[in-house]
Each structure stands twice: as structure tokens, then as C-alpha cells.
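Everything below concerns the one structure shown next.
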Amino acid sequence: MKRFLLLLLIERIRFLPRNDDNNIRKGDKYELLYWNKAGWQSLGVRTGTENTELIFDNCPTNALFLLRNHTRGAEERIFTYENGKQVFW
């Protein structure tokens, strides 16, 4: 039985991480909440845009936040901002 060795050149590898589709999506409605002594307080509702960025004004410092997608999905994680970075808990 003859065996042949075939060498292939890999030109590119594309990496696509698995996720739960937890990105900001164009057209979806999002509400940002923060926690205080009275419970969860809304900072408003925004609609996702093409640049996957939501802007909320007058957010408290040193707060615990929750971003809720009212269009789809139920996976939500609380987070804080520490040294200018989002930290999930």
C-alpha cells in the first residue's frame, strides 16, 4: 500500500468566538439601570445604532449598573465602572 504525504499551506485562520449574542444590536431597545437604596432606578431607554454604542447621560459614579435589552435576550449581568473600564460581576 502506498502512502502519500500532502503538504498544505494555510494562508489565513479566522477566529470567531462563541457568544450568546450579547452585543448591542441596531434597532434593539436598551434600558440602563443603577442600584440605590430604593432599588433599581432607570437612567433611560436607548435604541441600538450601527456603531454598537449606547450613550446615557448623568450616570452616578461608584454605582452598580444593569443594562436590560427589552427587545430580545434575558441574559443580564450587573457591572461597575472602575478606572474607566467596565467590570462584570
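The values are calculated or read from the model by the stated rules, or taken from the named source; none is laboratory data. Values in this document were obtained by computation on a predicted structure and should not be read as measured data. A quick note on method: Cβ atoms are made from the backbone with ideal geometry, for glycine too, and the neighbour counts reach across all protein chains shown.
Listed by position, the strands (runs of 3 or more DSSP E) contained in segment 11-89 that have at least 3 residues being out of contact with any helix residue (DSSP H, G or I) (no Cβ under 7 Å at 6 or more places or on another chain), of a type outside the set (S, T, N, Q) and free of Cβ contacts under 8 Å to residues at least 12 places away in the same chain are 85-88. Out of curiosity, is R68 under 14 Å from the mean Cα position of the chain (by Cα) and surrounded by 13 or more Cβ atoms within 10 Å (Cβ to Cβ)? When the stated conditions are applied, R68 passes them.
In segment 36-65, the qualifying residues are those that are surrounded by 10 or more Cβ atoms within 10 Å (Cβ to Cβ) and among the polar types (S, T, N, Q), and the one that is nearest to the chain's Cα centre (by Cα) is T52. The selection criterion, being loosely packed, with under 13 Cβ neighbours inside 10 Å and either over 11 Å from K29 (Cα atoms) or more than 14 Å from the chain's Cα centre (by Cα) (or both), holds for A74. When I24 is tested against (1) more than 18 Å from E75 (Cα to Cα); (2) at pLDDT below 90, just one condition goes unmet, and that condition is (1).
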